[in-house]
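The values are calculated or read from the model by the stated rules, or taken from the named source; none is laboratory data. Remember, it's a predicted structure, so these values are computed and weren't measured experimentally. Ideal geometry is used to build each Cβ from the backbone, glycine not excepted, and the neighbour counts take in all protein chains shown. SASA here: full protein model, heavy atoms, side chains in, ligands and nucleic acids out. Shrake-Rupley method; radii C 1.70, N 1.55, O 1.52, S 1.80 Å.
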Amino acid sequence: MITRALEKPVRTSLIDLVFPGDTNHHGTLFGGTALAHMDKVAFITAARHGHVGFVTASCERIDFKAPVFLGQLTEAVGTVERVGRTSMGVRVELYAEDLLSGERHLCTQGLFNMVAIRPKDQPDYVLPPLPDLTEEPAEAGPPVLRMVELVLPGMTNATKTLYGGHALSMMGKAATIAASRHCRAAVLMASSRQMDFDGPIHEGEAAELVARVRQVGRSSMTIQVELWGEALLSGARRRCAEGEFVMVAVDDANRPVKVPPLYP
C-alpha cells in the first residue's frame with residue numbers, strides 16, 4: 001500500500017529503551033550513545049523536510065542536565081527550526097522517561113546544522129521553506145505511539161532490506177513501550193498474534209512504528225503495531241507490516257497485576 005508524501009514534516013521522535021550495553025560504569029546512558037541518537041533524529045528530520053541526503057556540519061554546545069538511568073526510556077525529538085538555501089537547523093531535545101512512574105524530564109538539547117547534498121541532476125537545488133509548525137489536532141481514542149528508526153546496513157539481509165528479525169524486534173519494542181505507558185507497570189510479552197509482512201523496507205529508508213492499545217483484559221493488553229517504510233528522498237510511505245502483541249502487566253515477583261481500562 002503506497003501513500004502520498006507527507007505534506008509537512010511530522011514531529012520526528014526516536015524512542016529507545018536503555019539496556020545494560022548502552023550504559024557507562026555509573027549505570028547511566030553513555031554520552032556518546034545519547035549524541036548518536038540526537039544526530040540520527042536530526043538527519044531523519046532534515047531528510048523528511050528536504051527529501052535529499054544530508055551531512056552533519058556542526059552542532060551547538062550540548063550540556064547534559066540530567067542522566068538517563070538503566071531501564072528508562074529515551075526520546076529524541078527533532079524539529080526543523082531554521083532553513084537556508086542548502087542548510088538547515090534542526091532542534092533536538094532528548095528526554096528521559098520512567099516507564100513505571102511516568103515521570104519525564106529534559107536531559108539535554110542542541111541545534112544540529114545539517115547541509116544538503118545536492119542531487120547531481122539538480123545543481124541549483126534549494127531547500128523548501130520552513131514548514132508550518134502548527135500542532136496537529138490530537139487523535140481520538142487512546143494515545144498513539146509513533147517512533148522512527150533509520151535502516152542501516154547492519155540491520156539488513158543479503159538483499160539490503162530490513163531483516164525480518166530486526167523488524168519483529170522493533171515491533172516488540174513498540175508494543176512494550178505502548179503497554180508500559182498505558183499501565184505504568186512492568187510488562188512481559190505473552191504472545192504475538194498473526195503477523196503480516198506486506199513489503200520490504202530498504203537500506204537508507206526510515207522505519208516508522210505506530211502502536212495502539214486495542215483491547216484490555218484484567219492484566220493483559222492487546223497492542224496493534226504497524227510498521228511503515230518511508231523513502232526519505234521522495235517522501236513516499238507504505239505500510240510494510242502489521243501485527244498484534246499480547247502484553248501482561250506484572251509486579252516485582254512477575255505475578256500478573258490489574259491494568260486500567262482502555263477508556264477512563
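Could you list, ordered by first residue, the pairs with Cβ atoms under 8 Å in which the first is in the stretch 46-61 and more than 14 Å from residue 83 (Cβ to Cβ) and the second is part of a strand (DSSP E or B) and open to solvent by 70 Å² or more (accessible area, probe 1.4 Å), at least 6 apart or interchain?
Every condition considered, the pairs that remain are 53/117; 55/117.
Within the stretch 1-40, how many residues turn out to be open to solvent by 70 Å² or more (accessible area, probe 1.4 Å), in a loop (DSSP other than H, G, I, E, B) and modelled with pLDDT under 95?
7
Among the candidates 79, 74, which residue alone is open to solvent by less than 20 Å² (accessible area, probe 1.4 Å) and under 20 Å from the mean Cα position of the chain (by Cα)?
74
Just to be sure I understand, how many residues within the stretch 175-199 are crowded, with 21+ Cβ neighbours inside 10 Å and in contact with a Ser or Thr (Cβ under 8 Å, 6 or more places away or on another chain)?
Selection size over the stretch 175-199: 1.
Residue-wise test of (1) open to solvent by less than 20 Å² (accessible area, probe 1.4 Å); (2) within 27 Å of residue 128 (Cβ to Cβ).
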position	(1), (2)
219	no, no
223	yes, no
227	yes, no
234	no, yes
241	yes, no
244	no, no
248	no, no
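Out of everything in the stretch 88-121 that is out of contact with any Cys (no Cβ under 8 Å at 6 or more places or on another chain) and of a type in the set (S, T, N, Q), what residue ends up being surrounded by the most Cβ atoms within 10 Å (Cβ to Cβ)?
Checked the stretch 88-121; the qualifying residue surrounded by the most Cβ atoms within 10 Å (Cβ to Cβ) is 108.
If the Cβ limit is 8 Å and pairs must be 6+ apart or interchain, which residue in the stretch 200-224 that is among the small types (Gly, Ala, Ser) pairs with which residue that is surrounded by fewer than 18 Cβ atoms within 10 Å (Cβ to Cβ) and not in a strand (DSSP E or B)?
Cβ pairs passing all conditions: 211/144; 219/257; 219/258.
Do we find a residue being modelled with pLDDT under 95 and assigned to a loop (DSSP other than H, G, I, E, B) anywhere in the stretch 143-150?
The answer is yes, given that some residue of the stretch 143-150 is modelled with pLDDT under 95 and assigned to a loop (DSSP other than H, G, I, E, B).
Can you spot a residue in the stretch 43-58 that is on the phi > 0 side of the Ramachandran plot and crowded, with 16+ Cβ neighbours inside 10 Å?
Checked against the condition, which is being on the phi > 0 side of the Ramachandran plot and crowded, with 16+ Cβ neighbours inside 10 Å, the stretch 43-58 yields at least one hit.
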